[in-house]
1. Rounded to the nearest whole Å², what accessible area per residue is found for the chain with the 1.4 Å probe?
2. Rounded to the nearest 500, what is the 222 nm mean residue ellipticity of the chain from helices alone, with -39500 (n - 2.57) per DSSP H run of 4+ residues and division by all residues?
3. Once amide H atoms are built 1.01 Å from N in the peptide plane, which residues 5 or more positions from Glu56, or in another chain, come under 5 Å H to H?
4. Of the accessible area of the chain, with the probe set at 1.4 angstrom, what percent is carbon plus sulfur?
5. Which residue fluctuates the most in the chain, going by a Gaussian network model with Cα springs under 10 Å, if the choices are Leu19, Leu129, Leu29?
6. So if I average 1/r over every pair of distinct C-alpha atoms in the chain and take the inverse, what Kirkwood radius in Å does that give?
7. Which of Arg130, Arg64, Arg93 ends up with the largest GNM mean-square fluctuation for the chain, with Cα atoms connected below 10 Å?
8. How large is ³J(HN,Hα), in whole Hz, for each residue of the stretch 2-15 in order, when computed from phi with the Karplus curve 6.51 cos²θ - 1.76 cosθ + 1.60 and θ = phi - 60°, using x for Gly and Pro?
Amino acid sequence: YEKEFPDMEEDEERTGELLGEYGEIMDRLHEESRPEIYSYMLDFISRIAEHVLRKESRLKERMREFMGGQVIRTRTDEIIEQGRQEERKNTERERENAERERERAERERKNAEQAKKRAEAAEREVMLLRRELELLKSNQ
C-alpha cells in the first residue's frame, strides 16, 4: 500500500477501500483480543499510520477521523461505560447506606424519646411518693 498512498490521496474510492480493510482488521482484532492488547495494537497501528502517511495529509486526516470516530472511541466508550456502571453501583450502595443510617438514627431518636418519657414518668412517680411520705409524716 505504501507506494499507492499518493494515488489514494486523490481517489476517494480507494481511500474508502483502505479504510474498509483497516476497519475489518480492527474489528477482528477487537473481537479476538483482550482489551489491553487491543488498546496497545490500536496505539501501535496509529503510530505506524502517522509515520507512513506523513506526506499524504488528506489520507492521514481520513485515517485519524476513522480511528477516532470508530475505533478509539469504541474502546473509550467501553471504559467510560464500565466507569459509569461502577459509579452507579457505588451511588446505589451509598444511597442504601444513607437510608440505613437514616433509619437507624430515627430508631435511636424514638428510643431516646421513649426513654425520656419513661424517665419523666418515673420522676413524677417519685415526686408523688415523696408527697405521700410527707403527708404520712405530718399526720403522725
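The values are calculated or read from the model by the stated rules, or taken from the named source; none is laboratory data. Computed from a prediction, not measured in an experiment: that's the story for all the values here. Areas reflect the complete protein model, heavy atoms only, side chains present, ligands, DNA and RNA absent. Shrake-Rupley method; radii C 1.70, N 1.55, O 1.52, S 1.80 Å.
1. About 81 Å² of surface per residue is accessible.
2. -31000 deg cm²/dmol
3. Here the answer is none, since no amide H 5 or more places off falls under 5 Å of that of Glu56.
4. Solvent-exposed carbon and sulfur of the chain make up 50 percent of the total.
5. In this elastic network of the chain, the residue with the biggest mean-square fluctuation among Leu19, Leu129, Leu29 is Leu129.
6. Kirkwood hydrodynamic radius for the chain: 21.8 Å.
7. Most flexible of the set in this elastic network: Arg130.
8. Values, residue by residue: 4, 6, 8, 4, x, 6, 5, 3, 9, 10, 4, 5, 5, 4 Hz.
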